[in-house]
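Written out below as structure tokens is the structure these notes cover.
The values are calculated or read from the model by the stated rules, or taken from the named source; none is laboratory data. None of the values given here were measured: they were computed from a predicted structure. A quick note on method: Cβ atoms are made from the backbone with ideal geometry, for glycine too, and the neighbour counts reach across all protein chains shown. We work out accessible area using only protein heavy atoms, side chains counted, and drop any ligands, DNA or RNA first. Shrake-Rupley method; radii C 1.70, N 1.55, O 1.52, S 1.80 Å.
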Amino acid sequence: MNLIKITSETADTLADFLCEYQPNLKDKLVAEGYEPEEVSEILSAYLSLQGNLIGMLGKDSGTSFTIEIK
């Protein structure tokens, strides 16, 4: 298990990056050969990550959340 700590200083940039790629992500995953179950799981994780980043915007410096990667 790896833990990643993301601070508020990087949240804005990462949220913008994720928003740019969201419209094409499903099509790209399907084109890469991912099964519908896998696409759904990846999109769910993607949206959760994006939501956490957007939730950090405007918060005090040093705000963070942790992502568990299994």
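Ranked by the mean number of other Cβ atoms within 10 Å per residue, highest first, peptides 36-42, 7-13 order as 7-13, 36-42.
With a 1.4 Å probe rolled over the protein heavy atoms of all chains, the accessible area of ILE54, ILE67 falls in the order ILE54, ILE67, largest first.
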